[in-house]
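Everything on this sheet refers to the single structure shown next.
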């Protein structure tokens with residue numbers, strides 16, 4: 001017995017697939033797996049089969065044609081073809097988590113592409129796939145062009161490939177956002193994006209803050225935010241959350257500040273929580289600058305800050321940003337609105353960029 005891959009288009013009508021499988025069965029061909037790719041021309045069925053050794057490629061092509069299949073493609077397969085598609089995709093996602101720079105190789109392995117090229121020119125917003133060429137938009141700038149002689153690309157393959165590119169871009173952005181800040185008093189903190197696994201550390205941060213500090217952050221009483229609310233802050237639907245940490249990571253890591261950028265419409269709201277012993281050291285101002293940078297790159301029109309009138313430290317941090325900031329007062333609550341200048345995404349980037357280097361250092365002023 002030998003492993004083969006067979007791809008053929010079948011009319012998307014009741015009973016037509018059974019005719020094709022019956023034609024293969026009459027020749028002793030055992031179907032091990034099948035994927036269905038819906039297209040405008042019909043259903044493209046992708047089979048992994050175990051066929052008798054005496055059957056050649058021409059025999060399999062003839063069997064498919066007798067089974068009402070068309071545009072048939074047949075090729076020998078290897079034992080690794082026995083791995084189902086979801087498992088293969090998860091394996092490639094794990095590889096990208098370790099090395100986002102392997103995106104091109106991951107795409108080649110996912111689709112069996114003959115050639116994968118990254119180009120600085122950005123693809124149209126929706127990309128596209130033809131018979132032998134696929135164009136994928138890279139969210140970080142540029143695009144990937146894939147070529148495969150046969151079989152023809154399908155919409156389902158395009159969707160999988162674009163999702164893989166977007167995953168790699170998200171991982172790259174996460175790593176790029178990890179920096180070491182050197183504060184004016186020479187203390188160092190690592191700033192990185194938050195994630196759901198940070199819940200326990202963020203709860204400890206809140207417990208270590210004074211009642212007054214928590215009130216300034218949430219503009220309410222001294223009650224601790226619920227775990228559900230903290231989870232939403234760590235992984236907002238729109239926006240980002242940054243954490244400032246000390247220690248060497250793992251159990252030795254301590255979260256000393258949390259900065260939230262929460263988007264709604266064309267505006268975003270910013271809020272900070274800095275542990276009492278880390279206040280008035282320039283950390284809040286540094287986190288604000290980073291959040292404003294995120295907001296500009298995301299295309300928000302303005303950033304809002306809701307601040308208690310007596311929170312002089314927060315108001316001073318806003319002034320240090322050197323941006324025009326109209327203030328509206330409602331009793332003891334101030335709303336500061338900071339307009340943002342729109343930015344254009346970079347047209348070019350280096351083809352090879354390192355995202356696995358240690359967190360770079362930045363000195364705050």
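Where a number appears in this text, it was derived from the coordinates with a stated rule and is not lab data. Computed from a predicted structure; not experimentally measured. Virtual Cβ from ideal backbone geometry, glycine too; neighbours counted across all protein chains shown.
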Euclidean distance of C-alpha centroids, the range 1-68 and the range 233-287, integer Å:
55
For a paramagnetic label modelled at 7 Å from the Cα of residue 180 toward its Cβ, which residues of the range 191-220 fall within the zone defined by backbone nitrogen distances under 13 Å?
191
Put a dot 7 Å past each Cα toward the Cβ at residue 211 and residue 101; how far apart are the dots in nm?
5.3
Decide, for the range 85-175, between rounded, prolate and oblate: order the square roots of the alpha carbon gyration tensor eigenvalues as a ≥ b ≥ c, take rounded if a/c falls under 1.5, and otherwise choose prolate if a/b is larger than b/c, else oblate.
oblate
Final fewest-first order of 73, 4 on the 10 Å Cβ neighbour count is 73, 4
In whole Å, largest first, the alpha carbons of the range 2-82 cover along the principal axes 33, 25, 17
Given the options 245, 39, 337, which has the most mean-square fluctuation in a GNM of the chain, springs set between C-alpha atoms less than 10 angstrom apart?
39
Percent RCO, i.e. relative contact order, over the chain, from Cα pairs under 8 Å lying at least 6 residues apart
13
When a/c is below 1.5 the answer is rounded, else prolate if a/b is larger than b/c, else oblate, so apply that to the range 175-309 with a ≥ b ≥ c taken from the square roots of the Cα gyration tensor eigenvalues.
rounded
Just to be sure I understand: of the beta bridges DSSP finds with both ends in the chain, what percent are antiparallel, rounded to 5?
90
What FRET efficiency do you get for residue 276 and residue 35 if R0 is 45 Å and r is their Cβ-Cβ distance, rounded to the nearest 0.05?
0.20
If I model a spin label as a point 7 Å beyond the Cα along the Cα-Cβ vector, how far apart are those points for residue 121 and residue 316 in nm?
5.4
Testing the spin-label approximation: label points 7 Å from Cα along Cα→Cβ at residue 199 and residue 89. State their distance in nm.
2.7
Using the count of nearby Cβ atoms within 10 Å as a rough guide to exposure, how do 134, 109 rank from fewest to most?
109, 134
Backbone N within the range 306-344 under 20 Å of label point (7 Å from residue 289 Cα along the Cβ vector):
313-325, 338-343
Once you order the gyration tensor axes a ≥ b ≥ c over the Cα atoms, which shape class does the range 255-332 get: rounded for a/c under 1.5, otherwise prolate or oblate by comparing a/b with b/c?
oblate
Once the Cβ-Cβ distance between residue 54 and residue 25 is put in as r, and R0 is 22 Å, what FRET efficiency do you end up with, to the nearest 0.05?
0.85
Per residue, how big is the convex hull of the chain when only Cα atoms are used? Give it in Å³.
177
If I take every Cα pair under 8 Å that is 6 or more residues apart in the range 279-335, average their sequence separation and divide by the length, what percent do I get for the relative contact order?
41
